[in-house]
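A short write-up of the structure that comes next.
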Amino acid sequence: MKNKKHTYTKIIQTGLMAVLGGLLVACSNDSGESIESDNELSLVSLTRSTTPFTATDDYSPIGVFLVKNGTNGLETQSGRFIYRSGENLWKSSIEVTPNSNYVLFGYAPADAATATLSNVSTPSIYSSATLTFSSLPAVSSKDICFVVGVQQVNSKTAEKNIPLGQFSFTGKSADNYVNLLMDHVYAAVCLQMTLDSDYAQLRNIKIRKLELQATASTATATIALASNPTRTSPVQSVTYSNPTGEQSSATFFDSTEGVELSATEVKEATCCFVPNLKNNLTLKTTYDVYDRNGNKIGERTATNKLPSLSASRGQRVNLSLTIAPTYLYVLSDPDLDKPMVVVN
């Protein structure tokens, strides 16, 4: 199977909206900053601006930088949105001053990397800034994203129409609600897993773990942003330092029971990577082999050097992963019990 590349260019599709809608109804994190003031900033919705992929589904806190003009120049507050189940909102401890002009920059998940904001211009519709991720994991199961659009809304149920390329809003005395639009830091690879049809007649396979390994541990991503009134992308440039450090690994699928593969139904798992590591990635697959009576024969591990992945930031490459007998026409017991993992 040839590599299939998908570019994240469309505004969120229905299925992904449903997944991310879970941010407001399915997750609870009631630890963190105290929420007491009426004029603290609240997040109504978080939407990925691109499809078809998001790997982040643990709804970790969202990092926020809020900038306004102060008496002594620019004032920057940093904080986090944390989901509050009782209010059905993502809330922060950042207080907003009524009638002050703000720009908001941010990223998610907040715990996935260290982010700093610099080169911030005067808060306005034409604001600009540089967002830098240091110690960015070379490979990650987290789909790290950054804000590319901010919409101020008057209620929790206001219609979403998030303007791409806008970061500004004006503080109010109460009900400071915003929606955020996000874009991707990483490229991604999706493993589409099946079982060889001949082999499926003789053995069952359950995938236990998938690990993406890289020849480095961290990198730095520098993102230059500039807002605009034309609803086009504010991303001026994204540069990555050469990844450094020793080999690293990200587990992006892990199941104690295992997921049984089929010859007809494709199972998928996705992992992210720094784009300039696309030629230096290895997949480690752990799986169990069962006979047709359901008896476990044993656990197996396979390591595959991945082909060059022609994916840049915001793109996903699909690879087929097939578990097959060593020989297609001459099957022996060792061949059945120790099948190959083929990735192409």
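The values are calculated or read from the model by the stated rules, or taken from the named source; none is laboratory data. Being a predicted model, the structure only gives us computed values, none of them experimental. Here the Cβ is made from the backbone with ideal geometry for all residues, glycine too, and neighbour counts use every protein chain on show. The accessibility values were calculated without ligands, DNA or RNA, using every heavy atom of the protein model including side chains. Shrake-Rupley method; radii C 1.70, N 1.55, O 1.52, S 1.80 Å.
At-a-glance table
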item	result
Top positive-direction residue, dipole computed over segment 170-325 with Cβ charges, set L283, A188, G294	A188
Only Lys, Arg (+1) and Asp, Glu (-1) charged, at Cβ; segment 66-222 dipole about Cα centre in debye	280 debye
Probe 1.4 Å, all protein chains present, accessible-area order of D254, D183, largest first	D254, D183
Whole-number Å³ per residue for the convex hull built on Cα positions in segment 212-344	158 Å³
Per-residue SASA entry for Y240, accessible area with 1.4 Å probe, Å² rounded to 10	50 Å²
With all protein chains modelled, accessible area of E299 [1.4 Å, Å²]	100 Å²
Label point 7 Å beyond Cα of K305 along Cβ direction - residues of segment 209-252 with amide nitrogen under 13 Å	215
With all protein chains modelled, accessible area of S141 [1.4 Å, Å²]	40 Å²
Dipole in debye (nearest 20) - segment 201-286, about Cα centre, beta carbon charges: Lys, Arg +1; Asp, Glu -1	120 debye
Efficiency of FRET between S173 and V342 - r from beta-carbon atoms, R0 41 angstrom, step 0.05	0.10
Along each principal axis, Cα extent of segment 56-196, largest first, Å	66, 35, 24
F133, F65, reordered so the largest accessible area comes first (probe 1.4 Å)	F65, F133
Kirkwood Rh (inverse of mean 1/r, distinct Cα pairs), segment 138-266, angstrom	18.8 Å
Dipole axis of segment 183-326 (+1 Lys, Arg; -1 Asp, Glu on Cβ), positive-most option in T256, T230, T270	T230
Listed pairs K142/K284; K209/K305; K305/K338; K142/K296; K68/K160 exceeding 21 Å between Cα atoms	K142/K296; K68/K160
Computed label-point distance, nm, for sites A158 and T116 using a 7 Å Cα→Cβ extension	3.4 nm
Charged-residue dipole, Cβ positions (Lys, Arg, Asp, Glu), segment 131-206 about Cα centre, Debye nearest 20	220 debye
